[in-house]
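Heads up: the structure comes next, in structure tokens.
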Amino acid sequence: MLLLANAEAWPGFSTTVDRLRAGQGSLDAMVEGIGLVEREEKVRSVGYGGWPNMLGIMEFDAAVMDGTTREVGSVGAVPDTVPVARLALEVMRRLPHVMLTGEGARRFATEIGMPLDTTLLEDSRRVWWERLERELSPDELARFPDVPLAPLSRTITDPERVRDTTVFLSADPAAGIHAATSTSGWAWKYPGRLGDSPIPGAGFYADSRYGAAACTHTGEMTMRCGTARSIVLAMRLGHSLHDAVRLAVEDLAELREGFLAGVVIHAVDAHGGHEVVNFRCEGEIRYWFWTDGMAEPELRPATVF
């Protein structure tokens, strides 16, 4: 058994490890761990601790994928719901659909007994409003939200250049290879924006025959390149995990137009291998790693491409 997650998974990674040791199924164990990340105020890119969209409203994205069946559950731009990874898992298990978004996703959450949550952290609301006061004229501020939002797009990377996701990948010869993601998305995103986290093939993909990949940071780039699926497909075509990731990075590097920034790729193969690669992200990127031969999880540095 192998478990991989990004550094922001610290509130729930050990819980997932404990559940896997106890024999719980991989997807349920990962979703339980992600649920703790989603509730942690100190994680500013996921769940309750995240930043709102331009209107001051929290919208959450999440997904799960069973690599053995290749079934997917995905939700996007979900309001009033913190445990969206759990909601995505229920979409996979209860509905014939792959993805629900917005109010439809929230309606489904209500139908299965999930309560309406308070989702906007007071500190996030304060910082959001103070930013608006700097960006808008007094007249625009008085008319807000009935003002054009597109000109505010330059603020999306503030206040902490947050473009992260929590991603979990599990690999086991008997239980298969699976993926789970959750994010609150970019700070100050345009309402309704979906990143790559809920998009199969872009932000995540799992196939128990070959491996899995999940991406964080600039989802607009991985959606354009189909990054997660391209890595798994390269392994299916006979490339090693290292070469599959390298090919995906080269594909990202060939983008010349549009919004371009950094991407972090987390990937595993069906032979027990793993790679975590930092492509153009500032600072040191680290990730959580555990196998069933280890006493405790380890926080390791990503490889820089």
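No lab work stands behind these numbers, since they all come straight from the coordinates. Note that the structure is a prediction, hence the values are computed from the model and not measured. Virtual Cβ from ideal backbone geometry, glycine too; neighbours counted across all protein chains shown.
Give the range 5-15 a look and list any residue that's buried (at least 24 other Cβ atoms within 10 Å of the Cβ) and either over 13 Å from the mean Cα position of the chain (by Cα) or charged (D, E, K, R) (or both), or say none. Selection gives 8, 12, 13. The residue that is nearest to residue 68 (Cα to Cα), counting only those in the range 195-217 that are in contact with a strand residue (DSSP E or B) (Cβ under 6 Å, 6 or more places away or on another chain) and surrounded by fewer than 24 Cβ atoms within 10 Å (Cβ to Cβ), is 208.
Considering only residues in the range 198-228 that are outside any loop (DSSP other than H, G, I, E, B) and of a type in the set (D, E, K, R), the one that is nearest to the chain's Cα centre (by Cα) turns out to be 220.
Only one entry in 33, 47, 23, 67 is of a type outside the set (Asp, Glu) and surrounded by fewer than 24 Cβ atoms within 10 Å (Cβ to Cβ), namely 23.
Among the residues of the range 180-197, write down those that are assigned to a strand (DSSP E or B) and among the aliphatic types (A, V, I, L, M).
Restricting attention to the range 180-197, the residues satisfying the condition of being assigned to a strand (DSSP E or B) are 180-183.
Matches in the range 180-197: 180 only.
Taking the criterion of being under 14 Å from residue 271 (Cβ atoms) and outside any helix (DSSP H, G or I), the residues of the range 230-246 that qualify are 238, 239, 240.
In the range 117-133, the qualifying residues are those that are over 15 Å from residue 77 (Cα atoms) and of a type in the set (A, V, I, L, M, F, W, C), and the one that is surrounded by the fewest Cβ atoms within 10 Å (Cβ to Cβ) is 129.
Name the residue that is farthest from residue 50 (Cα to Cα), counting only residues in the range 133-155 that are aliphatic (A, V, I, L, M), out of contact with any helix residue (DSSP H, G or I) (no Cβ under 7 Å at 6 or more places or on another chain) and part of a helix (DSSP H, G or I). Break it down into steps so the answer makes sense when it comes.
Here is the first cut: in the range 133-155, the residues aliphatic (A, V, I, L, M) are 136, 141-142, 147, 149-150, 152.
Pick out the ones that are also out of contact with any helix residue (DSSP H, G or I) (no Cβ under 7 Å at 6 or more places or on another chain) and you get 136, 142, 149-150.
Adding the requirement that they be part of a helix (DSSP H, G or I) leaves 142, 150.
On the way: 142: 26, 150: 21 Å.
Filtering the range 133-155 for residues that are aliphatic (A, V, I, L, M), out of contact with any helix residue (DSSP H, G or I) (no Cβ under 7 Å at 6 or more places or on another chain) and part of a helix (DSSP H, G or I), the one farthest from residue 50 (Cα to Cα) comes out as 142.
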